[in-house]
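The values are calculated or read from the model by the stated rules, or taken from the named source; none is laboratory data. These numbers were taken from a predicted model, which means no experiment stands behind them. Note that we place each Cβ from the backbone using ideal geometry, even for glycine, and neighbour counts take in every protein chain shown. In case anyone asks, the SASA skips ligands and DNA or RNA and just uses the protein heavy atoms, side chains included. Shrake-Rupley method; radii C 1.70, N 1.55, O 1.52, S 1.80 Å.
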Amino acid sequence: MRILPALTRLAALGAAAILGAATLTACGDGSSSGAADNPYHLLQPGVLRAGTLTDAPPNVYLKDGEFTGFDNDLLRAVAGKIGLKVEFVATDFSALLSQVNNRKFDVGSSSITITEARKKTVDFGNGYDFGYFGLDVPAGSPIRSFDELPGKRVVVVQGTVQDDYATSKGLDPVRVPDYNGAINQLKAGTADAWIAPAEIGDKSAADSGGKIVVAAKLLSPAPTAYAVAKGNDALREALNKGLDEVIADGTWSRLQAQYYPGRPIPEDFKPGSGTVAVPAAPSASASAAS
């Protein structure tokens, strides 16, 4: 009669041990499954959350409520090659790189020029585009070159490579958070010049109703690339692979012709890994027809 309670207790303990082991095994299986479902360490498996801007055409901007532009359309194509959908979220450029590294975003898409200083905050994929600095000035300004900027009130978007350039030249620039802020300063006459990404400067001048003109251009010192958090090599390498694939299938050339019609490509610029043949861009008539 006294043995039965002891046996009952032993049986209960044994059952609990088996249940615990099963639970641990299940947890282990779930963890492995989670890693397999999210190999690029994304905030949401299968979805690439991209920080971008709304006001920088033709690179990145909003049109009819949709994020578009060369950089963003290219990113959609690249992501599709590696089985991902893209969710774009608007932010300010001055905060973008830190937000990427803090994992608020999986990737930064905003015509980001690779610099040694920025490499301390984020990692970059292979370069997908080149660019020029544009010097925009109010209509009627006598300024015609970058050499004439010392002593002038020069506006830049904070944290951009144009900000770096102005600072390196000792210009003590006026920093604004976005491109609209720079455009408004030129229109209001509160700035003598704006150092901008050339394509954005061209579009801003064209849309200004004659209030802004492009005075000069200067080739940017490094390519632009997508930014990912430090150490996320899996995502960086996957984006590089996808980029080479959209270069090979002609998507890169088509988007170049669509967003930068007539823009010559420097002979020494090779997009992606540099090992993929770049198909010829479609003709202007074919691009317009598409």
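Just the residues that are surrounded by 21 or more Cβ atoms within 10 Å (Cβ to Cβ), without any contact (Cβ under 8 Å) to a residue 60 or more places away in the chain and touching a Phe, Trp or Tyr at 6+ places or on another chain (Cβ under 6 Å), please, taken from the range 66-109.
Of everything in the range 66-109, those that are surrounded by 21 or more Cβ atoms within 10 Å (Cβ to Cβ), without any contact (Cβ under 8 Å) to a residue 60 or more places away in the chain and touching a Phe, Trp or Tyr at 6+ places or on another chain (Cβ under 6 Å) turn out to be F67, F88.
Can you spot a residue in the range 146-166 that is part of a loop (DSSP other than H, G, I, E, B) and basic (K, R)?
Checking the range 146-166: at least one residue is part of a loop (DSSP other than H, G, I, E, B) and basic (K, R).
Would you pick out the residues in the range 216-230 that are open to solvent by less than 50 Å² (accessible area, probe 1.4 Å), within 23 Å of D202 (Cβ to Cβ) and not hydroxyl-bearing (S, T, Y)?
A216, A222, P223, A225
Out of all the residues in the range 176-223, which are touching a Phe, Trp or Tyr at 6+ places or on another chain (Cβ under 9 Å), farther than 19 Å from N59 by Cα and either of a type in the set (S, T, N, Q) or not in a strand (DSSP E or B) (or both)?
Q185, L186
Take D55 and tell me if it is at negative phi and modelled with pLDDT under 95.
In short, yes.
Keeping to the range 252-278, report how many residues are surrounded by fewer than 17 Cβ atoms within 10 Å (Cβ to Cβ), modelled with pLDDT of 95 or more and aromatic (F, W, Y).
So the count comes out to 0.
Condition (residue is within 22 Å of E116 (Cβ to Cβ) and among the β-branched types (V, I, T)) applied to the range 247-254: is it met by at least one residue?
no
With respect to G131, determine if the residue is modelled with pLDDT of 95 or more, of a type in the set (G, A, S) and surrounded by 14 or more Cβ atoms within 10 Å (Cβ to Cβ).
no
If I ask for residues that are open to solvent by 20 Å² or more (accessible area, probe 1.4 Å) and either over 20 Å from the mean Cα position of the chain (by Cα) or under 17 Å from S204 (Cα atoms) (or both), which ones from the range 142-164 would you list?
Across the range 142-164, the qualifying residues are P142, R144, S145, F146, D147, E148, P150, G151, K152, R153.
State all residues of the range 227-259 that are among the small types (G, A, S) and touching a Phe, Trp or Tyr at 6+ places or on another chain (Cβ under 8 Å); if no residue qualifies, say none.
Of everything in the range 227-259, those that are among the small types (G, A, S) and touching a Phe, Trp or Tyr at 6+ places or on another chain (Cβ under 8 Å) turn out to be A227, A234, A238.
Being surrounded by fewer than 16 Cβ atoms within 10 Å (Cβ to Cβ) and outside any helix (DSSP H, G or I) is the filter here; which residues of the range 231-251 pass it?
Correct list: G231, D249, G250.
Let me confirm something: among V157, V161, which residue is within 19 Å of A188 (Cα to Cα) and touching a residue at least 24 places away in the same chain (Cβ under 8 Å)?
V157
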